[in-house]
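One structure below.
The values are calculated or read from the model by the stated rules, or taken from the named source; none is laboratory data. Predicted model, so just to flag it, every value in this text is computed and none were measured. FYI the Cβ positions are ideal-geometry reconstructions off the backbone, even for glycines, and counts take in every protein chain you see. Side chains included, ligands, DNA and RNA excluded: accessible areas come from the protein's heavy atoms. Shrake-Rupley method; radii C 1.70, N 1.55, O 1.52, S 1.80 Å.
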Amino acid sequence: MNNAKKKNFNLIVGGAITGIILLMILVGIFYTPHDPNAMDASNKFAGVSFKHLMGCDNFGRDVFSRVLEGSRTTFFVAAGTVFIGTFFGVIIGALTGYYGGVVDEVLMRVIDAIFAFPSILLALVFISLFGSGKYQVILALGIAFVPSFARIVRSEFIKYKNMDYVKNARLQGASDFRIMFVHILPNTVTVLLSAIMIGFNNAVLAEAGMSFLGIGVQPPDASLGRMLSEAQAYLFRAPAYAIFPGVVIILMVLGFSLLGDGIKSEE
Amino acid sequence: MEEKHLLEVTDLNIEFHDHLIPETVVFDFDLILDEGEIVGLVGESGSGKSMSALAIAGLLSRKDMKKRGEILFEGKDLLTCERSELRKIQGNDISVIFQEPMTSLNPVMKVGWQVEESLRIHTNLTKEERYAKAIAMLEDVELDNPEKVYNQYPHELSGGMRQRVMIAAAMICAPKILIADEPTTALDVTIQAQIVDLLKRLNKEKKTSILFISHDLSLIRQICQRVLVMKGGYIVESGPTEQIFNHPKEEYTKKLISAIPKVEPGAKFRKKG
Ligand SMILES: Nc1ncnc2c1ncn2[C@@H]1O[C@H](COP(=O)(O)OP(=O)(O)OP(=O)(O)O)[C@@H](O)[C@H]1O
Ligand SMILES: [Mg+2]
């Protein structure tokens, strides 16, 4: 009883926080109080006021407007990363888990090789080859994320492939493709969903980290990580500049992990 | 002229290769099944009944297992034909129901979806036609309120209901052969009798031949015209049911028969204590 209440708590609070963030991103697409890239020297490091809800940065740009735009970029990068990771992870995990044998050996060794690199390092190599920017970051992080999804899906498929109802589907004449993606995959949805939530968080942090290091999203595009990195130099003169993007990153991650926990315990 | 049989299995041997030492679990299995017939397969646990049945249904993987012999279905050898050919027969001409109705249904799919699956694979019927067929089939296996059951998930049904759903799913393409691997073992006695009656009725109405596997000889006697008795991977005796029951030749068969609990006439009326 108590436990059930706690699950609901995670789901509700996580959902609320995520909802607010998504709403912010949505509003940011159509409306920002100021042009996020408009510089105004007279407002350099302006403090928090009604005109500038989160103050201004070193170029006199409105931080609130940039946070709106930056969370959109960060969300977009994280969502793209998770999409690539999930898509290829599911395909590879399904094939290796279902067929086993040679297919499994070959694909999983490739996955191990990718997994052996820390994802940031892998992304670094990738960026140095293909240049930096939003789309390169998505691709680089996406590839780095494939192994963890592939492993999760693989172990799920190994668990389900010998179930009676899967045998039954085979006896009804279902093709391997149909068995994998129509009969088995829906059974993995809860596990996959919580993996997606965790992956999303890691992607938000990875994007922030890469942009912070200057190899992620490039100026003048705003991203939360990019803003943090720029704010770092003015930490004492304009603390608000660092605090607000930081808080939004924290909320984004917190919201999704609570949501992930909530979904997992709904099982 | 040689007579044509619906299913003719000759000299089937099944050998496992998934361990270091190959292990043969079925030896020289022979079976003939004609249209409309119900043939029983009895034997103790581990005697190879399920393995033989699964080989006929084409479930045993071709990698880990060596199979010798012939499984001729309408003249086509299921052991050597293309997998795509085999898939066209599975679920369409040959269907299987298992012992465990609890685990034979996919927990995340609605019952109706699962009953329709063979239609989706083997026919081009529209959604509405499939629905109509599924409802008719659910009705045919004597489920009350088929429209409701159609939209339920397996965990909402009792064991007996699930086994009926399994039978509906197996029979929806009107297969020529139904392999029933201990379909009633997991059910309690009254439900058992109902399921057996249902199978008997479907066999009569739809002319579906049934290979009925059980270790319950009294059930076999109720519905089978012929019986095969298996032991340790071999068929030790086979013939018309009554002949086997009245004049068993093998010691093993006699033992199986003597193990049937006898209900003496009048016994149930005897007063207790
Ligand atoms: N993977 C395997 N490798 C080797 N031997 C196996 C394997 N799977 C099953 N067997 C053996 O095959 C034999 C036949 O098993 P089968 O399931 O056909 O028995 P059964 O007659 O259906 O018994 P039951 O009445 O318990 O269902 C058994 O002795 C079993 O140990
Ligand atoms: Mg068995």
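Can you tell me which of (1) within 14 Å of chain A (Cβ to nearest Cβ); (2) away from ligand 2 (no atom under 15 Å from the Cβ); (3) surrounded by 13 or more Cβ atoms within 10 Å (Cβ to Cβ); (4) outside any strand (DSSP E or B) is the one B:GLY112 doesn't meet?
(1)
Quick one: B:ASP18 ticks every box in (1) modelled with pLDDT of 85 or more; (2) near ligand 1 (Cβ under 8 Å from one of its atoms) bar one, so which box is it?
Single failed check for B:ASP18: (1).
Is it true that B:LEU41 is open to solvent by less than 60 Å² (accessible area, probe 1.4 Å), within 16 Å of ligand 2 (Cβ to nearest atom), touching a Lys or Arg at 6+ places or on another chain (Cβ under 8 Å) and of a type in the set (A, V, I, L, M)?
Values: open to solvent by less than 60 Å² (accessible area, probe 1.4 Å): yes; within 16 Å of ligand 2 (Cβ to nearest atom): yes; touching a Lys or Arg at 6+ places or on another chain (Cβ under 8 Å): yes; of a type in the set (A, V, I, L, M): yes.
Taking the combined requirement at face value, the residue satisfies it.
Have a look at B:THR24, B:THR10 and point out the one that is more than 14 Å from ligand 1 (Cβ to nearest atom) and of a type in the set (S, T, N, Q).
Values: B:THR24 fails: more than 14 Å from ligand 1 (Cβ to nearest atom).
Checking each option against the conditions leaves just B:THR10.
Is there a residue being within 25 Å of B:GLU251 (Cα to Cα) and either of a type in the set (Ser, Thr, Tyr) or open to solvent by 10 Å² or more (accessible area, probe 1.4 Å) (or both) anywhere in segment B:195-210? Break it down stepwise before answering.
Here is the first cut: in segment B:195-210, the ones within 25 Å of B:GLU251 (Cα to Cα) are none.
Checked against the condition, which is being within 25 Å of B:GLU251 (Cα to Cα) and either of a type in the set (Ser, Thr, Tyr) or open to solvent by 10 Å² or more (accessible area, probe 1.4 Å) (or both), segment B:195-210 yields no hits at all.
When both residues are 6+ apart or on different chains and their Cβ atoms are under 7 Å apart, which pairs have a first residue that lies in segment A:173-194 and is closer than 16 Å to B:PRO107 by Cβ and facing another protein chain (nearest Cβ under 10 Å), and a second that is β-branched (Val, Ile, Thr) and open to solvent by 40 Å² or more (accessible area, probe 1.4 Å)?
Pairs that qualify, where the first residue is closer than 16 Å to B:PRO107 by Cβ and facing another protein chain (nearest Cβ under 10 Å) and the partner is β-branched (Val, Ile, Thr) and open to solvent by 40 Å² or more (accessible area, probe 1.4 Å), are A:PRO186/B:VAL108; A:ASN187/B:VAL108.
So that you can scan it fast, the table gives a plain yes or no per residue for (1) free of Cβ contacts under 8 Å to residues at least 60 places away in the same chain; (2) crowded, with 17+ Cβ neighbours inside 10 Å:
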| residue | (1), (2) |
| --- | --- |
| B:ASP93 | no, yes |
| B:THR103 | yes, yes |
| B:GLU117 | yes, yes |
| B:LYS148 | yes, no |
| B:VAL165 | no, yes |
| B:ALA168 | yes, yes |
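May I ask you to list the residues in segment A:90-103 that are out of contact with any Leu (no Cβ under 7 Å at 6 or more places or on another chain), within 14 Å of another protein chain (Cβ to nearest Cβ) and assigned to a helix (DSSP H, G or I)?
Hits for segment A:90-103 are A:TYR98, A:TYR99, A:GLY101, A:VAL102.
Which of the residues spanning segment B:24-38 are open to solvent by 40 Å² or more (accessible area, probe 1.4 Å) and not hydroxyl-bearing (Ser, Thr, Tyr)? Full working, then the answer.
The first filter runs over segment B:24-38 and keeps only residues open to solvent by 40 Å² or more (accessible area, probe 1.4 Å), leaving B:24, B:27-28, B:30, B:32, B:34-35.
Listed by number, the residues that qualify are B:PHE27, B:ASP28, B:ASP30, B:ILE32, B:ASP34, B:GLU35.
Exactly one of these conditions fails for B:ARG162: (1) assigned to a helix (DSSP H, G or I); (2) touching a helix residue (DSSP H, G or I) at 6+ places or on another chain (Cβ under 9 Å); (3) away from chain A (no Cβ under 12 Å). Give me its number.
(3)
Quick one: A:PHE87 ticks every box in (1) without any contact (Cβ under 8 Å) to a residue 12 or more places away in the chain; (2) part of a loop (DSSP other than H, G, I, E, B) bar one, so which box is it?
That leaves (2) as the condition not met.
Kindly evaluate B:ILE21 against the criterion of being β-branched (Val, Ile, Thr), more than 16 Å from ligand 2 (Cβ to nearest atom), surrounded by fewer than 19 Cβ atoms within 10 Å (Cβ to Cβ) and more than 18 Å from the chain's Cα centre (by Cα). Walk me through it before giving the result.
On the way: β-branched (Val, Ile, Thr): yes; more than 16 Å from ligand 2 (Cβ to nearest atom): yes; surrounded by fewer than 19 Cβ atoms within 10 Å (Cβ to Cβ): yes; more than 18 Å from the chain's Cα centre (by Cα): yes.
Spelling it out, B:ILE21 is indeed β-branched (Val, Ile, Thr), more than 16 Å from ligand 2 (Cβ to nearest atom), surrounded by fewer than 19 Cβ atoms within 10 Å (Cβ to Cβ) and more than 18 Å from the chain's Cα centre (by Cα).
Of the numbered conditions (1) within 13 Å of ligand 2 (Cβ to nearest atom); (2) assigned to a loop (DSSP other than H, G, I, E, B), B:THR80 satisfies every one except a single condition; which is it?
(1)
Every residue in segment B:180-209 that is within 16 Å of ligand 2 (Cβ to nearest atom) and over 25 Å from B:TYR150 (Cβ atoms), please.
Filtering segment B:180-209 for residues within 16 Å of ligand 2 (Cβ to nearest atom) gives B:180-187.
Selection gives B:ASP181, B:GLU182, B:THR185.
Going through B:SER104, B:SER47 one at a time, which residue ends up being within 16 Å of ligand 1 (Cβ to nearest atom), modelled with pLDDT of 90 or more and away from chain A (no Cβ under 11 Å)? Outline the logic, then answer.
Details: B:SER104 fails: away from chain A (no Cβ under 11 Å).
Within the list B:SER104, B:SER47, the selection yields B:SER47.
I'd like to check something: does segment A:56-69 contain any residue that is buried (at least 19 other Cβ atoms within 10 Å of the Cβ) and among the aromatic types (Phe, Trp, Tyr)?
Pass one, segment A:56-69, residues buried (at least 19 other Cβ atoms within 10 Å of the Cβ): A:56-57, A:61-69.
Keeping just the survivors that are among the aromatic types (Phe, Trp, Tyr) gives A:64.
Yes - at least one qualifying residue is present in segment A:56-69.
Within segment B:228-239, can one find any residue that is in the same structural domain as B:ILE56 (by TED's automatic domain parsing), loosely packed, with under 14 Cβ neighbours inside 10 Å and not small (Gly, Ala, Ser)?
Residues of segment B:228-239 in the same structural domain as B:ILE56 (by TED's automatic domain parsing): B:228-239.
Remaining after also requiring loosely packed, with under 14 Cβ neighbours inside 10 Å: none.
The answer is no; no qualifying residue exists.
Scanning segment B:174-186 for residues that are crowded, with 20+ Cβ neighbours inside 10 Å and not acidic (Asp, Glu), which turns out farthest from the other protein chains (Cβ to nearest Cβ)?
Filtering segment B:174-186 for residues that are crowded, with 20+ Cβ neighbours inside 10 Å and not acidic (Asp, Glu), the one farthest from the other protein chains (Cβ to nearest Cβ) comes out as B:THR184.
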